[in-house]
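*Asks:* My structure is below; once you've seen it, I'll send some questions.
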Amino acid sequence: MATVKALIRRNKVNQNGECVVFLRYGHKQKTVDISTGIKVFAKLWHDKKELVNEAGSIPKTKVNEELLKIAKQNDLLCNTKIKEEKSKVMSIVRYLEIKGEDPEVHTVKASYRKDQSKVEKNLREERLQELWSKFISLANKSENTKEKYRNALYHLKSFESEKNEQIRIKNINLKFYDRFVHYLYNEFKKPDGTIGLADNTVGTTIKNLKVVLIHFIKRGYPISNIVGDLKAPKITNPIIFMTEDEIDRLRSFEFKSERLVKVRDVFVFNCYTGLRYSDLSRLEKSHIKENAIELRAYKNQKDIYIPLTPVAKEILNQYDYQLPIVSEQKFNEYIKEVCKIAGISENVELIVTKSGNKSYSMVPKHEVITSHIAIKTFISLCGKKGISPKIVSEITGKSVQIILKHYYGIDKTTIKNQMSTAFSSS
């Protein structure tokens, strides 16, 4: 009797912790392993049930409801695909039997690979633009993250339009990458009429291109193995954050608009907690335990533990533990207005790098304030008050290296005081 079993080879794990799913076809006491091309995380594979079980690794609590929902959707997509590949093998077996031929293991494997070759040929003709749009529509990400995906897709559409060509799976190679990057730097026309994008914008586009390609590679698309060679340039900008004096100015300012008051309160709250906006937006009373926030991060599923400061606790009590949350896009728009009205207008220097060439500009601080600045403010305040980067890493779920490089800012007063102490006369 013919049998098909799905399995992974745990001794062959790539650097991301993934294994290829094989189908072990058995007939007349002989077996053969057939690669499906589907990749799964080894730690999430259930050998006995022959499926991925990411949801099983997440505690079933109210806090994790959204994470469980996403994990179950991912499990369903992957396990459905594996089930389909099993069915293909058994269809080949039945076809051979109907023809009066023996479904010998190597014959079935050869037929499966031949069919896969036909499928791959069709997949290679699919347009990258259409796959990218599909990826965005199905992505379980925040609206802010999806907007970044759309911006990167817009750059691809512009490239196709300018070059009068359609990029298909078969066209994705280093030659395409080099042409695309050259176009972004030297030919892309921005709405203001200027030509070329800055390094960080190009880097974000390439980063999101890699995300899309990896997504479809894992789902069996025959994309050339170039992902590791796609370099996303990243220039580290000065760390901009709010000082305690500026936070106090916001807290004490009497805004006439209730809308601005609420946005101000949420921003100040997050300057003392450092939550990602995706976690801040789902914060509720059940996440508060013994005067601390305890929840699992939406983005990386790491457990977060943040003791509440007096200011954060006061704001939570003010809103009965239901913060007045708006969309992140609206929040970023409103908080600039809040800071402008409150006079947060000290000039800050921005650096724009294009193809390695730097240009500098001074802008009022309120123009660059976003939800992300609250996280940088929290981390910078922790540093000022002597909390070690290791502790901050545990609180925020970010590595010490990332914290020191991108989030930990030091204000002028701290620098002045420490220099004065260090070099004072004995």
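*Asks:* Taking amide H positions as placed 1.01 Å from N in the peptide plane, with prolines and chain starts having none, which residues 5 or more places from L295, or on another chain, fall under 5 Å of its amide H?
*Replies:* Answer set, sorted by chain and number: I304.
*Asks:* Note the listed values (1) 19.5; (2) 27.6; (3) 21.9, then indicate which one is mean projected area of the Cα convex hull in nm² calculated from this particular structure.
*Replies:* (2)
*Asks:* Label points 7 Å out from Cα along the Cβ direction at L7 and K49: separation in nm?
*Replies:* 2.0 nm
*Asks:* Of L156, S281, S91, which is farthest on the positive side of the dipole of the chain, counting Cα position, with +1 on Lys and Arg Cβ, -1 on Asp and Glu Cβ, and the Cα centre as origin?
*Replies:* Farthest along the dipole direction, towards plus: S91.
*Asks:* Related question: Mind checking which lysines have their C-alpha under 17 Å from K336, skipping anything on the same chain fewer than 8 residues away?
*Replies:* Those lysines meeting the cut-off are K256, K262, K365, K376.
*Asks:* Which residues in the range 170-212 place their backbone N less than 13 Å from a point set 7 Å from the Cα of L77 along the Cα-to-Cβ direction?
*Replies:* Counting backbone N atoms under 13 Å from the label point, the list is 211-212.
*Asks:* Going by C-beta contacts inside 10 Å, put W132, W45 in order with the fewest on the left. Can you show the working numbers first?
*Replies:* Details: W132 24, W45 20.
Ordered by Cβ neighbours within 10 Å, fewest first: W45, W132.
*Asks:* Rounded, prolate or oblate for the range 244-423? Axes are the square roots of the Cα gyration tensor eigenvalues, ordered a ≥ b ≥ c, and the cut-off for rounded is a/c under 1.5.
*Replies:* Cα axes put the range 244-423 in the rounded bin.
*Asks:* About the Cα centre of the chain, what is the dipole size in debye to 20, counting +1 per Lys and Arg Cβ and -1 per Asp and Glu Cβ, all else neutral?
*Replies:* 1420 debye
*Asks:* Using the Cα gyration tensor of the range 128-229, with a ≥ b ≥ c the square roots of its eigenvalues, what is the shape: rounded (a/c below 1.5), prolate (a/b larger than b/c) or oblate (neither)?
*Replies:* It comes out oblate by the Cα gyration axes.
*Asks:* Per DSSP H run of n ≥ 4, the term is -39500 (n - 2.57); total these for the chain, divide by its residue number, and report the mean residue ellipticity at 222 nm rounded to 500 deg cm²/dmol.
*Replies:* After summing the helix terms and dividing by residue count, I get -15500 deg cm²/dmol.
*Asks:* Relative contact order for the chain using alpha-carbon pairs under 8 Å, separation at least 6, rounded to a whole percent?
*Replies:* 12 percent
*Asks:* Aspartates and glutamates within cross-link reach of K190: Cα-Cα under 19 Å, excluding same-chain residues under 8 positions apart?
*Replies:* Output for K190: E147, E160, E162, D199.
*Asks:* Round to the nearest 0.05 the FRET efficiency obtained for R127 and K416 when R0 = 51 Å and r is the Cβ-Cβ distance.
*Replies:* Taking R0 as 51 Å, the efficiency between R127 and K416 is 0.30.
*Asks:* Starting from 0.36 nm per residue, how many nanometres of slack lie between E160 and K330 once their C-alpha separation is accounted for?
*Replies:* 58.1 nm
*Asks:* Spin-label point model (7 Å from Cα, Cβ direction): what's the I226 to K190 distance in nm?
*Replies:* For the pair I226/K190, the computed spacing is 2.7 nm.
*Asks:* Let me ask something else about it. Contact order normalised by length for the range 244-423, with contacts defined as Cα pairs under 8 Å and 6 or more residues apart; what percent is it?
*Replies:* Numbers: 208 pairs, mean separation 42.0, N = 180.
The value is 23 percent.
*Asks:* Output wanted: per-residue J couplings in Hz (rounded whole) for the range 146-159, from phi through Karplus 6.51 cos²θ - 1.76 cosθ + 1.60, θ = phi - 60°, x for Gly and Pro.
*Replies:* With coefficients 6.51, -1.76 and 1.60, one gets 4, 5, 5, 4, 5, 4, 5, 5, 4, 5, 5, 4, 5, 4 Hz.
*Asks:* May I ask for the net charge around T31, where only other residues with Cβ less than 12 Å from the Cβ of T31 are counted and Lys, Arg are +1 while Asp, Glu are -1?
*Replies:* Numbers: positive: K5, R24, K28, K30, K109; negative: D33, E104.
Every neighbour counted, the sum reads +3.
*Asks:* Let me ask another. Taking a cut-off of 15 Å between Cα atoms, list the aspartates and glutamates near K163, but don't count ones fewer than 8 places away on the same chain.
*Replies:* Counting by Cα, and skipping residues close in sequence, K163 has these aspartates and glutamates nearby: D178, E187.
*Asks:* Here is a follow-up. Just rank C19, C271, fewest to most, by other beta-carbon atoms within 10 angstrom.
*Replies:* On the way: C19 20, C271 26.
Starting with the residue having the fewest Cβ neighbours, the order is C19, C271.
*Asks:* I need E367, E126, E18 ordered by Cβ neighbour count within 10 Å, fewest first. Don't skip to the end; give the middle numbers.
*Replies:* On the way: E367 13, E126 16, E18 19.
Result, fewest neighbours first: E367, E126, E18.
*Asks:* Once you have the alpha carbon radius of gyration of the range 1-119, what is it after dividing by 2.2 N^0.38 Å, with N set to its residue count?
*Replies:* In units of the 2.2 N^0.38 Å rule of thumb, it is 1.22.
*Asks:* Now, a different point. Is there a quick way to get the dipole size of the range 299-413? I mean about its Cα centre, with the Cβ of Lys and Arg at +1 and of Asp and Glu at -1; what is the value in debye to the nearest 20?
*Replies:* For the range 299-413, the charge dipole is close to 460 debye.
*Asks:* For the cross-link pairs K49/K289; K69/K207; K48/K210; K340/K390; K86/K134; K141/K390, which exceed 30 Å when the distance is taken from alpha carbon to alpha carbon?
*Replies:* K49/K289; K48/K210; K340/K390
Quick note: the coordinates plus some simple rules give every number you see, no bench work behind them. Just so it is clear, the structure is predicted and the values come from calculations on it, not from any experiment. When we count neighbours, we look across all protein chains shown, and the Cβ atoms used for this are built from the backbone with ideal geometry, even at glycine.
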